[in-house]
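Shown next, in structure tokens, is the structure this report addresses.
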Amino acid sequence: MKILSLFAVVLVWLPISTAVGQTADISPEQFGLEHICEFLNLKPDDISFRSDFTEPDSFRLKIVAELMSHPLSMIDYVSETKDAWVPGQPEIPSAILSQDLIGEYQTDRSQPYQPNTSEIQRKHNLYFANLSLNQLLSKAALYLDVIIPKSAEKALARLSSEQRSFLVNEFPELLIIHEEEEFFSIEENDSLEKTEEAYTEQFVEFGTLIDKDPIVAAGIDCLRQILLDVGVLRDALRRGELSKQELIKGTSYLPNQTTAQHFLGLQKGWAVGGPGNDYYEGDYYFILDVGGDDVYNLSYDPANPHCVIIIDLSGDDHYRSKTNFTLGSGCLSVGLLLDFEGNDRYDAKSFGLGSAFFGFGLLYDARGDDRYDGDTHVQGAGTFGIGLLIDESGRDIYNGALHCQGFGFVEGLGAIYEIDGSDSYYAGGKYKDVLRYEDHYLSLSQGFGYGLRPYASGGIGAIFDMKGNDSYYSDIFAQGTSYWWSLGIIYDSSGNDNYQSFQYAQGTATHMSLGVLIDDCGNDVYFGKGLMQGCGHDYSCGLLLDRSGDDTYTAYDLSQAAGSANGAGVLIDNEGNDRYSVRNSDNTHGYGNPRRSFGSIGLFIDLAGSDQYQGYGCDNHYWKTPSKWGGGIDIEINPPDTTAGENTQ
Amino acid sequence: MNWMKISTVVKALSLVLICSLVPIHAESDLQHKVDSLFVIASSGELRYRDMTQPAIDSIAALGVSAVPLLVDKFTTKSARERWTVIWILRKIGSDAVPYLVSSLNRSDGLVVQRICWALGDIKDTTAVIPLMSVLEHKRWQVREQAVGALGKIGDSRAADAVMRVLYDSVGQVRKAAVVACGALAVQESIVGLVHTLNDQFYGARLEVANSLLKLDTTMVMEVLVDSIKSEKQMIGNLICQLLGEYGTDEAIEILLNQVLNSPDATRRAHAAVALIKADPQDNCDYRTTILERETDRLTRLKIESTISDLQNESE
């Protein structure tokens, strides 16, 4: 009888679920996309780009190639990737992200160097008394002295010494801009362009010989192993089983005629600091500091690449760079900076603060209100490797000039995971965009993917910010944007956020690339001039998805769902009472322009709320713009519930 | 005596050498001149903007002699430089065509596709036959540019060749053929064009309407009437849009039939929107009929939006 009743319930439920299935089975944005496509005689799959518009290169990432074929899958990709973060375990997102660095035609991944028994069982003279500390130091020594250098050697094994030297001396010039370039004559500029082109051509000749996988994998393994031992030490300290002083206590007796450098933890370039305020200066390999407000004044010589591990357990610390390639910087190697407590200040030059330059670079800050300053290729920036900055709490400030804050260059992935706190991100203000403006600066940051057009496909740049009222400020090229076979991402989960930029920003993609900005919650403000807020230019797809909140969108032109030169621009707002304002209604709100004798695609989708428009769009309306091809829908995805009114009556 | 002989020989040799160097020197002079001007012509920087057009004009003024040097620059990886070459060749015009045509057999497909592009922009009919000869080029970009150029030149000799390209394996090439069929007014292409309304590539699919509107209405209508029954939803929906553009009695009758009888809400919406646009003043009172019968919430909103847009336009 029970079974029969259940069957009857199922029968009754079936037609109901089918009736509402229109929206219940798929996400609102998916429904919106399918619905607008039907209206415009398009199919969601029409947003797809061939891989052979230009000559394919060997640096293209598989995930970028796949997403170029199905750009709307960026939404699912972002959802999966933001979930990679696990509290207190930076090795997990590192490992997950490393999977996305597989090349388009790569079938297997190289492993790090596997040490032999004698290397593993290498004996050390022990100075410190604490067993756990010695275990940590032994493990660090194994990675610093054996696994990472040999993995780096494996990564670069097929390169000549000239080619290795090119990576250190010439290649950085493809990422760096010099302020004086702003004042170059037309001939000097041409010469500079030709030089950079020559460097690029020189690099692509041998760049495919580099295998970043062993070094990245070795770095992640090292991180995993080190964190286990650091965890044991921190637990012991937290439980009061030993004091910081006891932890770093040395043996009371040293044999005659022995220098301290023969002991584990006291080697050259190694330091173990106590609970007081310590000062470290120079080119270090390993630092463990158990407490105090410390000052680090560090340097690094890229001509002599090596792994750097810095672990600071507590205190308000000040990390400073004397040279480039410091502070969580993996330059032809691995750089780990793990800070577990305190309000810290990080002052880097270039290539630092979670920067990978042919390697793996991680800056992990577990607590505190922190400030990150740097110039170029900083704060989650990856070139041939993974550059990661993970900040798990506090109200943080990020300040950089160029190629920073989630920047992915060739075969690279750069990302920031910002887990808590109201944060502010600023990128730009130093290197003028002389091509386009006399008074605007390049940012190329904040979830920006970048490639060497048309020589080498780019990487993945991303910011994942989980909480807080965040502010993003930039100028040209930023905020979930990309250039040349690359992917730029901003995902902001909650809070009332403010996105400000001037051009090429907020879910915009240019020249065969993909840009996406997804904001889940909060009343957000998006402001900028042009090529913004869901804009795809030249066989590219730019997408802005705001899932809820009362949002304000302001732009001048070629924005808010604009496709240009056969690109696709998509703006989706699922919920909330929003306001859309544009200056030029002729190329916004679902616009596409023709190039190569056919149109682009602009899809504007608002699925709920009472919305205000200044421009072509309109509340509760379907429209096709007089363009090739685009339009918009402003509908109530769920019909208004009238039952309450009926019951009252 | 010997010295006299030697001196004469040396003088004679020097003369020969000088004579042979004159064209080389002139050639390298020209190369140098074009290169120097090209740096300026292709400069993208804002502050040098005023200098680019004069530089383009100066190279174009060199005429035919500059063409081989410009074609060599088609190998560039820079989009800005590529555009600059096109602009200059366009300015040189028909004089550039013989050399461009002779370069269509180059082995570098990238250069060939860019030459096709330039020939289309110059619009000289002497390029038609040579362009037809590369319509089966193995590189799809060459086929796309060649068929596009034939459409731009507008010479009916290319009609048959262009029509065949409607069935190319690459969407971008089919799109170019669709556009060219319209530009060349190839009446024989109507069936092929209607078939392309279901093309997998949206560029080809959505360009069909523009091309069909350039062809004989009676002949097109004949095919549309038949094809609206197609099982392919996209074909029917796009035909509704086209019928609205034609707005003939026959077209309106078909649309009304779709509005009243189609079980598919999307089809009803496409037909209703087309019908309302075909009768913007609502002389036949279709709007009331349609809205009275339509029950689907979102379909009604589409119809109401169209009505409201038309009212706003007329105000």
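The values are calculated or read from the model by the stated rules, or taken from the named source; none is laboratory data. Please read all numbers here as calculations on a predicted model, not as lab measurements. Here Cβ is always computed from backbone atoms with ideal geometry, including for glycine, and neighbour counts include all displayed protein chains. Protein only, heavy atoms only, side chains kept; ligands, DNA and RNA dropped before computing areas. Shrake-Rupley method; radii C 1.70, N 1.55, O 1.52, S 1.80 Å.
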Open item on the list: Being in contact with an Asp or Glu (Cβ under 9 Å, 6 or more places away or on another chain) and either free of Cβ contacts under 8 Å to residues at least 40 places away in the same chain or open to solvent by 60 Å² or more (accessible area, probe 1.4 Å) (or both) is the filter here; which residues of segment A:125-149 pass it?
Closed with: A:Ala129, A:Gln135, A:Leu142, A:Asp145, A:Val146
Open item on the list: Could you list, ordered by first residue, the pairs with Cβ atoms under 8 Å in which the first is in segment A:162-187 and in contact (Cβ under 8 Å) with a residue 24 or more places away in the chain and within 16 Å of A:Leu402 (Cβ to Cβ) and the second is open to solvent by 40 Å² or more (accessible area, probe 1.4 Å) and of a type in the set (A, V, I, L, M), at least 6 apart or interchain?
Closed with: A:Glu181/A:Leu192
- [ ] Using the structure shown, decide if B:Gly203 is within 14 Å of another protein chain (Cβ to nearest Cβ), closer than 21 Å to B:Gly120 by Cβ and in contact with a strand residue (DSSP E or B) (Cβ under 6 Å, 6 or more places away or on another chain).
- [x] yes
Open item on the list: Suppose the filter is surrounded by fewer than 24 Cβ atoms within 10 Å (Cβ to Cβ) and under 14 Å from the mean Cα position of the chain (by Cα); does A:Ile419 pass it?
Closed with: yes
Open item on the list: Among the residues of segment A:53-74, what is the count of those that are β-branched (Val, Ile, Thr) and under 26 Å from A:Arg595 (Cβ atoms)?
Closed with: 2
TODO: Being on the phi > 0 side of the Ramachandran plot and part of a loop (DSSP other than H, G, I, E, B) is the filter; apply it to segment A:263-290 and report the residue that is most open to solvent (accessible area, probe 1.4 Å).
DONE: A:Gly269
Open item on the list: Please verify whether B:Asn237 is outside any loop (DSSP other than H, G, I, E, B) and either out of contact with any helix residue (DSSP H, G or I) (no Cβ under 9 Å at 6 or more places or on another chain) or farther than 20 Å from A:Ile36 by Cα (or both), treating the condition exactly as stated.
Closed with: no
TODO: Among what's in segment A:298-330 and is of a type in the set (S, T, N, Q) and out of contact with any Gly (no Cβ under 8 Å at 6 or more places or on another chain), pick the residue that is least open to solvent (accessible area, probe 1.4 Å).
DONE: A:Thr323
Open item on the list: With within 13 Å of chain A (Cβ to nearest Cβ) and open to solvent by 10 Å² or more (accessible area, probe 1.4 Å) as the only criterion, which of B:Thr218, B:Thr266 stands out?
Closed with: B:Thr266
Task: Residue selected from segment A:179-220 under the condition at pLDDT 95 or above and part of a loop (DSSP other than H, G, I, E, B), by the criterion most open to solvent (accessible area, probe 1.4 Å) - done: A:Asp211
Open item on the list: I'd like to know if segment B:253-270 contains one or more residues that are under 25 Å from B:Ala185 (Cβ atoms) and in contact (Cβ under 8 Å) with a residue 12 or more places away in the chain.
Closed with: yes
Open item on the list: What's the total number of residues in segment A:295-339 that are aromatic (Phe, Trp, Tyr) and not in a loop (DSSP other than H, G, I, E, B)?
Closed with: 2
TODO: All but one of (1) within 18 Å of A:Ser350 (Cβ to Cβ); (2) more than 14 Å from chain B (Cβ to nearest Cβ); (3) surrounded by fewer than 24 Cβ atoms within 10 Å (Cβ to Cβ) hold for A:Ser493, so report the exception by its number.
DONE: (1)
Open item on the list: Can you list the helices (runs of 4 or more DSSP H) lying wholly within segment B:252-315 that have 3 or more residues being modelled with pLDDT under 95 and within 37 Å of the chain's Cα centre (by Cα)?
Closed with: B:297-314
Task: Filter pass, B:Val112 being more than 14 Å from chain A (Cβ to nearest Cβ) and open to solvent by less than 20 Å² (accessible area, probe 1.4 Å) - done: yes
- [ ] Could you identify the single residue in B:Leu150, B:Leu213 that is open to solvent by less than 10 Å² (accessible area, probe 1.4 Å) and out of contact with any Ser or Thr (no Cβ under 7 Å at 6 or more places or on another chain)?
- [x] B:Leu150
- [ ] Could you list, in sequence order, all residues of segment B:66-89 that are touching a helix residue (DSSP H, G or I) at 6+ places or on another chain (Cβ under 7 Å), assigned to a helix (DSSP H, G or I) and farther than 20 Å from B:Val134 by Cβ?
- [x] B:Ala66, B:Leu69, B:Lys73, B:Glu81, B:Thr84, B:Trp87, B:Ile88
- [ ] State yes or no: is B:Thr288 of a type in the set (Val, Ile, Thr), more than 13 Å from chain A (Cβ to nearest Cβ) and without any contact (Cβ under 8 Å) to a residue 24 or more places away in the chain?
- [x] yes
Open item on the list: Being part of a helix (DSSP H, G or I) and either surrounded by fewer than 15 Cβ atoms within 10 Å (Cβ to Cβ) or within 14 Å of chain B (Cβ to nearest Cβ) (or both) is true for just one of A:Glu241, A:Glu173. Which residue is that?
Closed with: A:Glu173
Task: From the options B:Ala158, B:Ala209, B:Ala180, B:Ala204, residue that is part of a helix (DSSP H, G or I), in the same structural domain as B:Gly109 (by TED's automatic domain parsing) and within 18 Å of the chain's Cα centre (by Cα) - done: B:Ala158
Open item on the list: So, in segment A:427-437, how many residues would count as being hydrophobic (A, V, I, L, M, F, W, C), open to solvent by less than 30 Å² (accessible area, probe 1.4 Å) and within 14 Å of chain B (Cβ to nearest Cβ)?
Closed with: 0
TODO: Starting from segment A:40-54, keep only residues that are within 9 Å of another protein chain (Cβ to nearest Cβ) and outside any loop (DSSP other than H, G, I, E, B), then list their pairs with residues that are polar (S, T, N, Q) and open to solvent by 50 Å² or more (accessible area, probe 1.4 Å) whose Cβ atoms are within a distance under 9 Å, requiring at least 6 positions of separation or different chains.
DONE: A:Asp45/B:Gln200; A:Asp46/B:Gln200
- [ ] Of the numbered conditions (1) basic (Lys, Arg); (2) over 21 Å from A:Leu40 (Cα atoms); (3) within 14 Å of another protein chain (Cβ to nearest Cβ), A:Lys624 fails exactly one; give the number of that condition.
- [x] (2)
- [ ] Answer with yes or no whether B:Leu197 is open to solvent by less than 30 Å² (accessible area, probe 1.4 Å) and more than 10 Å from chain A (Cβ to nearest Cβ).
- [x] no
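Residues are listed down the side, and each one gets a yes or a no for (1) closer than 30 Å to A:Ala608 by Cβ; (2) within 14 Å of chain B (Cβ to nearest Cβ):
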| residue | (1), (2) |
| --- | --- |
| A:His35 | yes, yes |
| A:Val78 | yes, no |
| A:Asp100 | no, no |
| A:Tyr105 | no, no |
Open item on the list: Residue under question is A:Gly359, and the condition is that it be closer than 30 Å to A:Thr208 by Cα and of a type outside the set (A, V, I, L, M); does it hold?
Closed with: yes
- [ ] Report, by residue number, each residue of segment A:170-192 that is farther than 21 Å from A:Cys307 by Cβ and under 26 Å from the mean Cα position of the chain (by Cα).
- [x] A:Glu170, A:Glu173, A:Leu174, A:Leu175, A:Ile176, A:Ile177, A:His178, A:Glu179
